[in-house]
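The values are calculated or read from the model by the stated rules, or taken from the named source; none is laboratory data. Here the structure is a predicted model, which is why all the values come from computation and not from measurement. Every residue, glycine as well, gets a Cβ built from its backbone with ideal geometry; the counts of neighbours run over all protein chains shown. The accessibility values were calculated without ligands, DNA or RNA, using every heavy atom of the protein model including side chains. Shrake-Rupley method; radii C 1.70, N 1.55, O 1.52, S 1.80 Å.
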Amino acid sequence: MAASDSSFEIADAGLAGLGIRRVQWADQSMPVLASIRDRFARERPLDGLRIGACQHVTTETANLMRTLQAGGAEVALCASNPLSTQDDVAAALVHEYGAATYAINGEDSEVYYDHIESVLNTRPQLTIDDGADLVSTLHTDRTDVIGDVLGGTEETTTGVIRLRAMAEQGVLKYPIVAVNEAMTKHMFDNRYGTGQSTIDGLVRATNILLAGRNVVVGGYGWCGRGLASRAAGMGAHVIVTEVDPVRALEALMDGFRVMPMQEAASVGHVFVTVTGDKHVIDRPHFEAMPDGAILANSGHFDIEINIEALEDMAVEVDEARPFVDEYRLADGRRIFLLAQGRLINLAAAEGHPASVMDMSFANQALAIEYLASNAGDLAPDVYDVSGDIDRRVATLKLEAMGVAIDTLTEEQAAYLSGWQEGT
C-alpha cells in the first residue's frame, strides 16, 4: 500500500532510514555538488523559487534536490521512468529532506502521469526534466501552468532530441538548457556511467559470463562508446551497429566489428540498444536470432526494442528470473528480454556511480542558478551549457580528486591569441 497525502506519494515511509544511509553514502562521492551546496546555502541564489523535477529517483538525485533546497528553492520531484525509482530514497526525500516526492517503483503508466500532474500542481517556475515528459505534458495537457515557468533543464539525449524538435516547430514556450550537451556530462556520465552501469544491470539480471560472447551494441554515441569498451574489457566480442557513417567508422577504428543489425542478429548472443530511436531491434531481427539471445535496452524509453512484435511472435511468455522474461517462439527458440525493455542499468541495478553523477548534477545545479538570473533574457529555445560552467565543473572535480594541471604563461596566452608570430 502506498503512503500518500497531497504533498507526496511513495511506496513505504518505513524505508526512510535505509534511504538516508544510502543518500549519505552517495554524497561521499559527490564532492563537486557538495561544494556547490555549501555555496548555495550561503548565497541562496534560488530563494523562493519553485522547482519541478522529473528524474530518476536515486541517491544521486536526492543529493541534487538537497542542493537546490540549500539554495532556497522549494522542490517537487516525480520519477522519469516507472522502474527507476529507489523506494527507500523516495521515503528519505519525503521524511528526512522535506521534498515533495511522487514516485513508486513499478508504477503503471497512469500513475506515472498522475505523478507528473502532481509536480505540475505545485506550479513550478523552473523545470528539470529527464526525457522531456514533464515539458511535453506542460505544453499539451497543462498549459494552465506554463505561464509561471521561467526556464528549465534537460538531462538526456532523448529529451534533447524531443526539445529541439519542439523548438524547430515553434511550440517550445520557454528556454531550456541542454545539460546533456555539457562535455562534463556526456563524456563522463554517458560514456563511463552508462558503460559501467549497463554492464552492471545486465550481469545482475542474468549472471552470465560476457567473455567469449558476441555482444551487439546498437548505437555508437557516447553511451555506445562506453558500453562497447567495457564489454570488450570483460572479454566480449563486440559488434556495433550504426546509421551514422562517421560513428560507424570510429567504431571500426576503435577495433570493433561493424555491420547492419540484420546481419548482427544472426550471430549475436547479447544485444543492447543505446540509440534514443525507435524499433532498433525489430521483427526481422527476432526472426534471425539464435536460441537464447538476450535483449536489453539502455536508451531512455522502452521503444528501442519492438516489444509488441516480440509478443506477437511468442507462443508463451514466462518470467525466467527477476527482470528476465522468456519469450518462446513457435519454432522453439527462446529470446530473453531484460527489464521489460526499460533502462536495464536503473531497473536491474543502481544506475550510474555517484562520482560521475557528481558532474552531471553539478551542471544541473549551476544551469538552474544561471536560469534563475537570466531566463528573462532568453528566447524560448534549447541552449547548450556554457563553456564557463563546463570548465568550472571540470576544475572542481580535478581539485576534489587532488589533481593539479598546468596554466598558461603570459607568453603562451599571448601566442594563442595572436597571429603575427609565425615560422
Of all DSSP beta bridges having both residues in the chain, the percent classed as antiparallel (nearest 5) is 25 percent
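Can you list the equivalent-ellipsoid semi-axes of the stretch 268-401, largest first and in whole Å, using the square root of 5 times each Cα gyration tensor eigenvalue?
41, 17, 12
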Rg and Dmax of the stretch 78-215, using alpha carbons, in Å: what are they? 17.3, 56
Can you compute the charge dipole magnitude of the chain about its Cα centre, using +1 on each Lys and Arg Cβ and -1 on each Asp and Glu Cβ, nothing else charged? Give it in debye, rounded to the nearest 20. 820 debye
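Given a Förster radius of 60 Å and the C-beta distance between Asn374 and Gln262 as r, what FRET efficiency does 1/(1 + (r/R0)^6) yield to the nearest 0.05?
Details: r = 48 Å, r/R0 = 0.80.
The pair Asn374/Gln262 has a calculated efficiency of 0.80.
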Alpha-carbon centroids, the stretch 146-220 and the stretch 47-95: separation in whole Å: 18 Å
For the stretch 359-423 and the stretch 284-341, distance of Cα centres in Å: 44 Å
Sort 309-315, 113-119 by the packing proxy (mean of other Cβ within 10 Å over each peptide's residues), most packed first. 113-119, 309-315
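With both bridge residues required to lie in the stretch 1-133, what share of the DSSP beta bridges run antiparallel, to the nearest 5%?
Given both bridge residues lie in the stretch 1-133, the antiparallel proportion sits at roughly 20 percent.
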Counting only DSSP beta bridges fully inside the stretch 230-332, the antiparallel percentage to nearest 5 is 45 percent
Considering only Ile116, Ile199, Val179, whose Cα is most displaced toward the positive end of the charge dipole of the stretch 79-201, charges sitting on Cβ of Lys, Arg (+1) and Asp, Glu (-1)? Val179
Farthest toward positive dipole pole in the chain [+1 Lys/Arg, -1 Asp/Glu at C-beta], among Gly422, Ala314, Gly226: Gly422
So what is the 222 nm mean residue ellipticity for the chain from helices alone, if each DSSP H run of at least 4 adds -39500 (n - 2.57) and you divide by all residues, rounding to the nearest 500 deg cm²/dmol? -12500 deg cm²/dmol
Can you give me the accessible area per residue for the chain, using a 1.4 Å probe, in Å²? 43 Å²
Toy charge model, Lys and Arg Cβ at +1, Asp and Glu Cβ at -1: the stretch 291-350 dipole around Cα centroid in debye, rounded to 20, equals 180 debye
Just to be sure I understand, if you calculate P(r) over Cα pairs in 20 Å bins from 0, in percent for this structure, which of (i) 25, 59, 16, 0; (ii) 21, 43, 28, 7, 0; (iii) 26, 55, 18, 1 do you get? (iii)
Estimated distance in nm for a label pair at Ile208 and Lys173, the labels positioned 7 Å out from Cα along Cα-to-Cβ: 4.6 nm
For the pair Ala320 and Asp277, what calculated FRET efficiency results from E = 1/(1 + (r/R0)^6), where r is the Cβ-Cβ distance and R0 = 22 Å, to the nearest 0.05? 0.20
In nanometres, what is the gap between the two model label sites at Asp47 and Gln24, each 7 Å from Cα along Cα-to-Cβ? 3.1 nm
Treating the beta-carbon of each Lys and Arg as +1 and of each Asp and Glu as -1, no other charges, what is the dipole magnitude of the stretch 113-216 about its Cα centre, to the nearest 20 debye? 400 debye
Relative contact order for the stretch 251-332: what percent, with Cα pairs under 8 Å and sequence separation of 6 or more? 25 percent
Suppose we take every Cα in the stretch 26-150 and form the convex hull; what volume per residue is that in Å³? 96 Å³
Taking the convex hull of the alpha-carbon atoms of the stretch 230-345 and averaging its shadow over every direction gives an area in square nanometres of 7.1 nm²
Between Thr409 and Asp312, the two model label points (7 Å from Cα along the beta-carbon direction) sit apart by a distance in nm of 7.0 nm
Computed over the stretch 1-93, Kirkwood Rh from alpha-carbon pairs, angstrom: 13.6 Å
